[in-house]
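The values are calculated or read from the model by the stated rules, or taken from the named source; none is laboratory data. Values in this document were obtained by computation on a predicted structure and should not be read as measured data. So basically every Cβ, Gly included, is an ideal-geometry build from the backbone, and we count neighbours across all protein chains shown.
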Amino acid sequence: MHSFRSFRLLAALAFATQGLISGCGDGVPSTLKIGLATPLSGSSAARGTDLLQGMQLAAKELNAGGVKIAGKPVTIEIVPVDDKADQEVAKNVAQDLMNAKVVAVVGDLSSDVTEGTIPIYKQGDLPQLFTSSATNLMKLGDGNTFRLVANDTLQAQAIVGYLGESIKAKSVGLLYEDSSFGIPIGKDVTAMLKKQGASLLINESVGNKVTDFAPLVAKLKSASPAVLVAVLRDQQLMPLFKQLEDAGLANLPVIIPGSAKTDKLLHSADGVKSVYVTSSVVDPIDTDTGKAFLQKFHAAYNAQPIWAAHYGYDAVYILVDVVKHTQSVDPKAMREMLRALDTNAPVNGNLRFAETGELRYPAITIYQRGKDHWDPLMRSDKW
(Lines give C-alpha, C1' and ligand atoms only; values in the text may rest on other atoms or scores of the structure.)
Protein backbone atom coordinates (compact mmCIF):
# COMPACT_ATOMS: atom_id res chain seq x y z
CA MET A 1 0.00 0.00 0.00
CA HIS A 2 1.36 3.42 -0.90
CA SER A 3 1.81 5.89 1.96
CA PHE A 4 0.05 9.24 1.88
CA ARG A 5 3.40 10.96 1.31
CA SER A 6 4.13 8.65 -1.64
CA PHE A 7 0.75 9.48 -3.13
CA ARG A 8 1.49 13.20 -2.90
CA LEU A 9 4.91 12.71 -4.47
CA LEU A 10 3.37 10.80 -7.37
CA ALA A 11 0.83 13.59 -7.82
CA ALA A 12 3.57 16.20 -7.85
CA LEU A 13 5.55 14.22 -10.42
CA ALA A 14 2.46 13.90 -12.58
CA PHE A 15 1.96 17.66 -12.60
CA ALA A 16 5.65 18.23 -13.33
CA THR A 17 5.52 15.80 -16.25
CA GLN A 18 2.46 17.60 -17.58
CA GLY A 19 4.44 20.84 -17.50
CA LEU A 20 7.32 19.25 -19.42
CA ILE A 21 5.00 17.98 -22.12
CA SER A 22 3.22 21.29 -22.51
CA GLY A 23 6.21 23.47 -23.25
CA CYS A 24 9.26 23.01 -21.03
CA GLY A 25 8.97 26.33 -19.28
CA ASP A 26 8.33 28.48 -22.33
CA GLY A 27 5.55 30.24 -20.40
CA VAL A 28 7.77 31.18 -17.43
CA PRO A 29 8.88 34.83 -17.60
CA SER A 30 12.52 35.77 -17.09
CA THR A 31 11.45 37.78 -14.03
CA LEU A 32 9.13 35.96 -11.68
CA LYS A 33 7.09 38.60 -9.87
CA ILE A 34 5.44 37.78 -6.52
CA GLY A 35 3.03 40.33 -5.10
CA LEU A 36 2.63 41.40 -1.48
CA ALA A 37 -0.45 43.31 -0.32
CA THR A 38 -0.02 44.49 3.26
CA PRO A 39 -0.09 47.64 5.39
CA LEU A 40 3.16 49.55 4.92
CA SER A 41 1.86 52.69 6.62
CA GLY A 42 -0.38 53.36 9.61
CA SER A 43 -0.73 51.45 12.87
CA SER A 44 -0.13 48.00 11.30
CA ALA A 45 2.87 49.05 9.21
CA ALA A 46 5.40 47.26 11.41
CA ARG A 47 3.79 43.88 10.81
CA GLY A 48 3.44 44.58 7.08
CA THR A 49 7.07 45.65 6.79
CA ASP A 50 8.04 42.49 8.65
CA LEU A 51 6.39 40.33 5.96
CA LEU A 52 7.99 42.42 3.20
CA GLN A 53 11.49 42.08 4.65
CA GLY A 54 11.07 38.32 4.97
CA MET A 55 10.01 38.04 1.33
CA GLN A 56 12.80 40.32 0.12
CA LEU A 57 15.37 38.28 2.05
CA ALA A 58 14.15 35.09 0.36
CA ALA A 59 14.28 36.71 -3.09
CA LYS A 60 17.80 38.00 -2.44
CA GLU A 61 18.99 34.53 -1.40
CA LEU A 62 17.36 32.79 -4.34
CA ASN A 63 18.74 35.29 -6.84
CA ALA A 64 22.23 35.03 -5.33
CA GLY A 65 22.12 31.26 -5.70
CA GLY A 66 20.72 31.41 -9.21
CA VAL A 67 17.26 30.19 -10.11
CA LYS A 68 16.72 28.10 -13.23
CA ILE A 69 13.39 26.81 -14.45
CA ALA A 70 13.52 24.33 -17.34
CA GLY A 71 17.14 25.40 -17.82
CA LYS A 72 16.24 29.09 -18.16
CA PRO A 73 17.65 31.67 -15.68
CA VAL A 74 14.89 33.43 -13.74
CA THR A 75 15.06 36.46 -11.44
CA ILE A 76 12.74 36.68 -8.43
CA GLU A 77 11.15 40.09 -7.78
CA ILE A 78 8.87 41.09 -4.89
CA VAL A 79 6.21 43.65 -5.83
CA PRO A 80 4.81 45.26 -2.65
CA VAL A 81 1.72 47.46 -2.39
CA ASP A 82 0.42 49.32 0.66
CA ASP A 83 -3.17 48.36 1.48
CA LYS A 84 -3.10 50.70 4.52
CA ALA A 85 -5.09 48.06 6.45
CA ASP A 86 -8.16 49.43 4.65
CA GLN A 87 -10.46 47.20 2.62
CA GLU A 88 -11.26 49.77 -0.07
CA VAL A 89 -7.61 50.67 -0.56
CA ALA A 90 -6.79 46.95 -0.68
CA LYS A 91 -9.30 46.41 -3.47
CA ASN A 92 -7.65 49.14 -5.54
CA VAL A 93 -4.08 47.92 -5.06
CA ALA A 94 -5.18 44.36 -5.85
CA GLN A 95 -5.82 45.56 -9.37
CA ASP A 96 -2.36 47.18 -9.38
CA LEU A 97 -0.78 43.81 -8.60
CA MET A 98 -2.68 42.10 -11.39
CA ASN A 99 -1.61 44.85 -13.79
CA ALA A 100 1.99 44.24 -12.69
CA LYS A 101 1.68 40.61 -13.89
CA VAL A 102 2.56 38.99 -10.59
CA VAL A 103 2.18 35.20 -10.59
CA ALA A 104 0.71 35.04 -7.08
CA VAL A 105 0.01 37.34 -4.15
CA VAL A 106 0.77 37.10 -0.45
CA GLY A 107 -1.85 39.12 1.40
CA ASP A 108 -3.72 40.66 2.86
CA LEU A 109 -2.82 40.74 6.52
CA SER A 110 -6.05 41.45 8.43
CA SER A 111 -9.05 39.16 7.96
CA ASP A 112 -11.48 42.04 7.42
CA VAL A 113 -9.26 43.40 4.62
CA THR A 114 -8.61 39.98 3.07
CA GLU A 115 -12.36 39.36 2.99
CA GLY A 116 -12.67 42.22 0.50
CA THR A 117 -9.83 41.16 -1.80
CA ILE A 118 -10.50 37.42 -2.09
CA PRO A 119 -13.25 37.88 -4.76
CA ILE A 120 -10.95 40.18 -6.76
CA TYR A 121 -8.02 37.77 -6.86
CA LYS A 122 -10.39 34.90 -7.53
CA GLN A 123 -11.94 36.72 -10.50
CA GLY A 124 -8.47 37.72 -11.70
CA ASP A 125 -7.32 34.07 -11.45
CA LEU A 126 -4.39 35.01 -9.20
CA PRO A 127 -3.44 32.47 -6.49
CA GLN A 128 -3.59 34.07 -3.03
CA LEU A 129 -1.65 33.09 0.10
CA PHE A 130 -2.29 34.88 3.38
CA THR A 131 -1.77 34.99 7.14
CA SER A 132 -5.36 36.10 7.84
CA SER A 133 -6.99 33.66 10.23
CA ALA A 134 -10.80 34.08 9.92
CA THR A 135 -12.13 30.59 9.20
CA ASN A 136 -14.77 31.61 6.65
CA LEU A 137 -12.23 33.11 4.24
CA MET A 138 -11.44 29.80 2.60
CA LYS A 139 -15.04 29.33 1.46
CA LEU A 140 -14.93 32.75 -0.21
CA GLY A 141 -11.80 31.75 -2.13
CA ASP A 142 -13.38 28.67 -3.69
CA GLY A 143 -10.03 26.95 -4.22
CA ASN A 144 -7.92 30.03 -4.97
CA THR A 145 -6.82 30.74 -1.39
CA PHE A 146 -4.08 29.16 0.74
CA ARG A 147 -3.67 29.94 4.43
CA LEU A 148 -0.17 30.03 5.93
CA VAL A 149 -1.29 29.82 9.59
CA ALA A 150 -3.88 28.02 11.71
CA ASN A 151 -7.44 29.34 11.47
CA ASP A 152 -9.55 31.01 14.13
CA THR A 153 -11.64 27.94 14.89
CA LEU A 154 -8.53 26.19 16.18
CA GLN A 155 -7.54 29.39 17.98
CA ALA A 156 -10.94 29.51 19.72
CA GLN A 157 -10.53 25.87 20.73
CA ALA A 158 -7.11 26.70 22.18
CA ILE A 159 -8.51 29.67 24.13
CA VAL A 160 -11.31 27.64 25.69
CA GLY A 161 -9.13 24.59 26.21
CA TYR A 162 -6.39 26.53 27.96
CA LEU A 163 -8.66 28.57 30.23
CA GLY A 164 -10.50 25.41 31.23
CA GLU A 165 -7.62 22.96 31.63
CA SER A 166 -4.74 25.18 32.76
CA ILE A 167 -6.27 28.31 34.29
CA LYS A 168 -9.23 26.27 35.63
CA ALA A 169 -11.57 29.23 35.05
CA LYS A 170 -15.26 28.61 35.69
CA SER A 171 -16.41 32.12 34.80
CA VAL A 172 -15.36 34.21 31.80
CA GLY A 173 -15.66 37.75 30.46
CA LEU A 174 -15.48 38.08 26.65
CA LEU A 175 -14.70 41.21 24.62
CA TYR A 176 -14.26 40.93 20.87
CA GLU A 177 -13.73 43.29 17.96
CA ASP A 178 -16.91 43.94 16.00
CA SER A 179 -15.41 42.85 12.67
CA SER A 180 -14.73 39.78 10.54
CA PHE A 181 -11.63 39.33 12.71
CA GLY A 182 -13.34 39.34 16.10
CA ILE A 183 -16.92 38.19 15.51
CA PRO A 184 -16.19 34.59 14.38
CA ILE A 185 -13.79 33.96 17.28
CA GLY A 186 -16.30 35.52 19.67
CA LYS A 187 -19.07 33.23 18.40
CA ASP A 188 -16.86 30.14 18.53
CA VAL A 189 -15.62 30.92 22.05
CA THR A 190 -19.20 31.54 23.22
CA ALA A 191 -20.43 28.20 21.82
CA MET A 192 -17.46 26.26 23.19
CA LEU A 193 -17.76 27.81 26.66
CA LYS A 194 -21.42 26.83 26.75
CA LYS A 195 -20.52 23.28 25.79
CA GLN A 196 -17.82 23.24 28.47
CA GLY A 197 -20.28 24.48 31.10
CA ALA A 198 -18.40 27.67 31.98
CA SER A 199 -20.32 30.81 32.96
CA LEU A 200 -20.03 33.62 30.41
CA LEU A 201 -20.64 36.66 32.61
CA ILE A 202 -19.91 39.33 29.99
CA ASN A 203 -20.16 38.99 26.21
CA GLU A 204 -19.57 42.32 24.45
CA SER A 205 -18.52 43.43 20.98
CA VAL A 206 -16.28 46.49 20.62
CA GLY A 207 -15.75 48.81 17.65
CA ASN A 208 -12.18 48.69 16.37
CA LYS A 209 -11.60 52.41 17.08
CA VAL A 210 -12.69 52.33 20.73
CA THR A 211 -10.05 53.30 23.31
CA ASP A 212 -12.29 54.34 26.22
CA PHE A 213 -13.30 51.12 27.93
CA ALA A 214 -14.68 52.67 31.12
CA PRO A 215 -18.21 51.22 30.78
CA LEU A 216 -16.86 47.74 30.00
CA VAL A 217 -14.28 47.90 32.79
CA ALA A 218 -17.06 48.83 35.21
CA LYS A 219 -19.04 45.76 34.09
CA LEU A 220 -15.99 43.55 34.52
CA LYS A 221 -15.39 44.88 38.03
CA SER A 222 -19.01 44.23 38.96
CA ALA A 223 -19.25 40.76 37.39
CA SER A 224 -15.77 39.65 38.58
CA PRO A 225 -15.04 36.85 36.04
CA ALA A 226 -12.11 34.53 36.69
CA VAL A 227 -10.54 35.36 33.32
CA LEU A 228 -11.00 37.87 30.49
CA VAL A 229 -10.81 36.82 26.84
CA ALA A 230 -10.07 39.94 24.78
CA VAL A 231 -10.15 39.37 21.00
CA LEU A 232 -8.71 42.78 20.20
CA ARG A 233 -5.56 44.16 18.56
CA ASP A 234 -2.63 45.69 20.39
CA GLN A 235 -3.66 49.32 19.80
CA GLN A 236 -6.85 48.66 21.79
CA LEU A 237 -5.40 46.29 24.35
CA MET A 238 -2.85 48.85 25.56
CA PRO A 239 -5.46 51.37 26.77
CA LEU A 240 -7.67 48.52 28.04
CA PHE A 241 -4.86 47.14 30.21
CA LYS A 242 -4.14 50.57 31.66
CA GLN A 243 -7.81 51.09 32.48
CA LEU A 244 -8.02 47.63 34.07
CA GLU A 245 -5.07 48.53 36.28
CA ASP A 246 -6.61 51.86 37.25
CA ALA A 247 -9.81 50.02 38.24
CA GLY A 248 -7.94 47.62 40.50
CA LEU A 249 -8.19 44.68 38.08
CA ALA A 250 -4.47 44.15 37.47
CA ASN A 251 -4.75 40.58 38.78
CA LEU A 252 -7.40 39.58 36.23
CA PRO A 253 -5.82 37.04 33.81
CA VAL A 254 -6.30 38.04 30.18
CA ILE A 255 -6.14 35.78 27.11
CA ILE A 256 -5.56 37.54 23.78
CA PRO A 257 -5.17 36.39 20.14
CA GLY A 258 -1.86 35.94 18.38
CA SER A 259 -2.29 39.05 16.21
CA ALA A 260 -1.72 41.10 19.39
CA LYS A 261 1.57 39.37 20.26
CA THR A 262 3.79 42.35 19.52
CA ASP A 263 6.81 43.95 21.19
CA LYS A 264 4.76 47.10 21.58
CA LEU A 265 2.20 45.30 23.72
CA LEU A 266 4.86 43.29 25.52
CA HIS A 267 6.53 46.41 26.87
CA SER A 268 3.37 48.41 27.58
CA ALA A 269 1.25 45.83 29.37
CA ASP A 270 2.82 46.15 32.82
CA GLY A 271 -0.55 47.04 34.38
CA VAL A 272 -1.94 43.50 33.85
CA LYS A 273 0.03 40.78 35.62
CA SER A 274 -1.03 37.67 33.68
CA VAL A 275 -1.35 37.94 29.90
CA TYR A 276 -1.61 34.82 27.74
CA VAL A 277 -1.54 34.62 23.94
CA THR A 278 -2.95 31.95 21.65
CA SER A 279 -0.80 32.22 18.54
CA SER A 280 -1.30 30.55 15.18
CA VAL A 281 2.21 31.70 14.21
CA VAL A 282 5.25 29.59 15.14
CA ASP A 283 7.96 31.77 16.68
CA PRO A 284 11.19 31.12 14.73
CA ILE A 285 13.25 31.10 17.91
CA ASP A 286 11.45 27.90 18.94
CA THR A 287 12.96 25.83 16.08
CA ASP A 288 16.49 25.11 14.85
CA THR A 289 15.66 26.22 11.30
CA GLY A 290 14.04 29.33 12.75
CA LYS A 291 17.18 30.25 14.68
CA ALA A 292 19.21 30.08 11.47
CA PHE A 293 16.64 32.34 9.80
CA LEU A 294 16.90 34.85 12.65
CA GLN A 295 20.65 35.08 12.16
CA LYS A 296 20.23 35.77 8.44
CA PHE A 297 17.47 38.29 9.08
CA HIS A 298 19.59 40.17 11.62
CA ALA A 299 22.55 40.21 9.25
CA ALA A 300 20.35 41.70 6.51
CA TYR A 301 18.40 44.27 8.55
CA ASN A 302 20.32 44.68 11.84
CA ALA A 303 17.07 43.89 13.65
CA GLN A 304 14.90 40.96 14.62
CA PRO A 305 11.55 40.16 12.97
CA ILE A 306 8.57 41.26 15.01
CA TRP A 307 5.86 38.91 13.79
CA ALA A 308 5.70 36.71 10.70
CA ALA A 309 8.66 37.61 8.48
CA HIS A 310 9.50 33.90 8.31
CA TYR A 311 6.09 33.17 6.77
CA GLY A 312 6.72 35.71 4.02
CA TYR A 313 10.18 34.20 3.56
CA ASP A 314 8.79 30.68 3.27
CA ALA A 315 5.98 31.80 0.95
CA VAL A 316 8.53 32.97 -1.62
CA TYR A 317 10.42 29.68 -1.49
CA ILE A 318 7.15 27.75 -1.78
CA LEU A 319 5.97 29.68 -4.83
CA VAL A 320 9.33 29.37 -6.59
CA ASP A 321 9.31 25.64 -5.83
CA VAL A 322 5.81 25.38 -7.29
CA VAL A 323 6.83 27.08 -10.55
CA LYS A 324 9.91 24.85 -10.79
CA HIS A 325 7.72 21.76 -10.56
CA THR A 326 4.99 22.95 -12.91
CA GLN A 327 7.46 24.73 -15.22
CA SER A 328 4.57 27.09 -15.75
CA VAL A 329 2.93 30.14 -14.22
CA ASP A 330 -0.50 28.94 -15.26
CA PRO A 331 -2.72 29.70 -12.21
CA LYS A 332 -4.58 26.38 -12.35
CA ALA A 333 -1.35 24.40 -12.52
CA MET A 334 0.09 26.40 -9.63
CA ARG A 335 -2.98 25.83 -7.45
CA GLU A 336 -2.92 22.09 -8.16
CA MET A 337 0.77 21.91 -7.32
CA LEU A 338 0.31 23.88 -4.09
CA ARG A 339 -2.09 21.17 -2.95
CA ALA A 340 0.04 18.25 -4.16
CA LEU A 341 3.56 19.28 -3.27
CA ASP A 342 5.50 18.68 -0.07
CA THR A 343 6.59 22.29 -0.27
CA ASN A 344 10.06 23.67 0.26
CA ALA A 345 9.51 25.85 3.34
CA PRO A 346 12.96 26.43 4.89
CA VAL A 347 11.72 27.71 8.29
CA ASN A 348 8.24 26.22 8.77
CA GLY A 349 8.72 22.73 7.42
CA ASN A 350 5.05 21.83 7.94
CA LEU A 351 3.63 24.38 5.49
CA ARG A 352 1.71 21.90 3.38
CA PHE A 353 -1.76 22.54 2.08
CA ALA A 354 -4.88 20.41 2.09
CA GLU A 355 -7.44 20.41 -0.72
CA THR A 356 -9.28 23.19 1.10
CA GLY A 357 -6.20 25.44 1.10
CA GLU A 358 -5.90 25.12 4.88
CA LEU A 359 -2.70 23.81 6.43
CA ARG A 360 -2.54 20.06 6.79
CA TYR A 361 -0.78 20.35 10.15
CA PRO A 362 -2.00 23.52 11.90
CA ALA A 363 -1.20 24.12 15.57
CA ILE A 364 -1.57 26.82 18.22
CA THR A 365 1.12 27.93 20.68
CA ILE A 366 0.25 29.36 24.09
CA TYR A 367 2.57 32.14 25.28
CA GLN A 368 2.71 34.07 28.54
CA ARG A 369 4.03 37.60 28.81
CA GLY A 370 7.37 37.70 30.58
CA LYS A 371 9.47 40.66 31.65
CA ASP A 372 11.04 41.22 28.27
CA HIS A 373 9.80 38.42 26.03
CA TRP A 374 6.88 36.09 25.33
CA ASP A 375 7.46 32.74 27.03
CA PRO A 376 6.14 29.66 25.14
CA LEU A 377 4.15 27.39 27.44
CA MET A 378 2.79 24.70 25.10
CA ARG A 379 1.97 23.97 21.46
CA SER A 380 -0.61 21.56 20.14
CA ASP A 381 -2.94 20.76 17.27
CA LYS A 382 -5.33 19.00 19.68
CA TRP A 383 -7.48 21.21 21.88
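Considering segment 43-82 alone, what residues qualify as being of a type in the set (Gly, Ala, Ser) and in contact with a helix residue (DSSP H, G or I) (Cβ under 9 Å, 6 or more places away or on another chain)?
As a first pass, look at segment 43-82 and keep what is of a type in the set (Gly, Ala, Ser): 43-46, 48, 54, 58-59, 64-66, 70-71.
Across segment 43-82, the qualifying residues are SER43, SER44, ALA46, GLY54, ALA58, ALA59, ALA70.
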Exercise. Would you point out which residue out of GLN327, GLN304 is assigned by TED's automatic domain parsing to the domain that holds ASP50 and under 15 Å from GLY290 (Cα atoms)?
Key: GLN304
Quiz prompt | Residue tally, condition part of a helix (DSSP H, G or I) and under 22 Å from the mean Cα position of the chain (by Cα), over segment 93-107 | solution = 3
Quiz item: Within the bounds of segment 332-340, is there any residue that is basic (Lys, Arg), closer than 23 Å to ASN63 by Cβ and surrounded by fewer than 20 Cβ atoms within 10 Å (Cβ to Cβ)?
Solution: no
Quiz item: Do any residues in segment 234-251 that are among the aromatic types (Phe, Trp, Tyr) have Cβ atoms under 6 Å from those of residues that are at pLDDT below 95 and assigned to a loop (DSSP other than H, G, I, E, B), where the two are at least six apart or on different chains, and which pairs are they?
Solution: PHE241/ALA269; PHE241/GLY271; PHE241/VAL272
Quiz prompt | Residue selected from segment 90-140 under the condition charged (D, E, K, R) and in contact with a helix residue (DSSP H, G or I) (Cβ under 9 Å, 6 or more places away or on another chain), by the criterion nearest to LYS33 (Cα to Cα) | solution = ASP125
Exercise. Check segment 307-324 and report whether any residue there is part of a loop (DSSP other than H, G, I, E, B), closer than 30 Å to TYR162 by Cβ and touching a helix residue (DSSP H, G or I) at 6+ places or on another chain (Cβ under 9 Å).
Key: yes
Exercise. Give me the pairs, please: first residue somewhere in segment 61-75 and at pLDDT below 95, second residue anywhere and surrounded by fewer than 16 Cβ atoms within 10 Å (Cβ to Cβ) and assigned to a loop (DSSP other than H, G, I, E, B), beta-carbon distance under 7 Å, and either six or more positions apart or on two chains.
Key: ALA70/CYS24
Self-check item: Candidate set from segment 160-178 (those that are in contact with a helix residue (DSSP H, G or I) (Cβ under 6 Å, 6 or more places away or on another chain) and part of a helix (DSSP H, G or I)); member that is modelled with the lowest pLDDT
Solution: GLY164
Quiz item: Of all residues in segment 60-92, which are surrounded by fewer than 21 Cβ atoms within 10 Å (Cβ to Cβ) and in a helix (DSSP H, G or I)?
Solution: LYS60, GLU61, LEU62, ASN63, ALA64, GLY65, GLN87, GLU88, VAL89, LYS91, ASN92
Quiz item: Residues in segment 304-320 that are at pLDDT below 95 and farther than 19 Å from SER259 by Cβ: how many?
Solution: 0
Exercise. May I ask you to list the residues in segment 358-383 that are of a type in the set (Lys, Arg), surrounded by 13 or more Cβ atoms within 10 Å (Cβ to Cβ) and over 12 Å from LYS261 (Cα atoms)?
Key: ARG360, ARG379
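Conditions (1) without any contact (Cβ under 8 Å) to a residue 60 or more places away in the chain; (2) farther than 20 Å from ALA156 by Cβ; (3) not basic (Lys, Arg), marked per residue:
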residue: LYS261; (1), (2), (3): no, no, no
residue: GLY271; (1), (2), (3): yes, yes, yes
residue: VAL281; (1), (2), (3): no, no, yes
residue: PRO284; (1), (2), (3): no, yes, yes
residue: THR287; (1), (2), (3): no, yes, yes
residue: LYS291; (1), (2), (3): yes, yes, no
residue: PHE297; (1), (2), (3): no, yes, yes
Self-check item: Sole exception among (1) surrounded by fewer than 20 Cβ atoms within 10 Å (Cβ to Cβ); (2) at pLDDT 95 or above; (3) assigned to a helix (DSSP H, G or I); (4) out of contact with any strand residue (DSSP E or B) (no Cβ under 8 Å at 6 or more places or on another chain) for GLY143, by number
Solution: (3)
Quiz item: Can you tell me which of GLU115, GLU61 is more than 21 Å from the chain's Cα centre (by Cα) and either over 27 Å from GLN295 (Cβ atoms) or not basic (Lys, Arg) (or both)?
Solution: GLU61
Quiz item: at positive phi and more than 13 Å from the chain's Cα centre (by Cα), is that true of LYS168?
Solution: yes
Quiz item: How do the strands (runs of 3 or more DSSP E) wholly within segment 179-285 filter down when requiring 3 or more residues that are within 22 Å of the chain's Cα centre (by Cα) and surrounded by 18 or more Cβ atoms within 10 Å (Cβ to Cβ): which remain?
Solution: 227-231, 254-257, 275-279
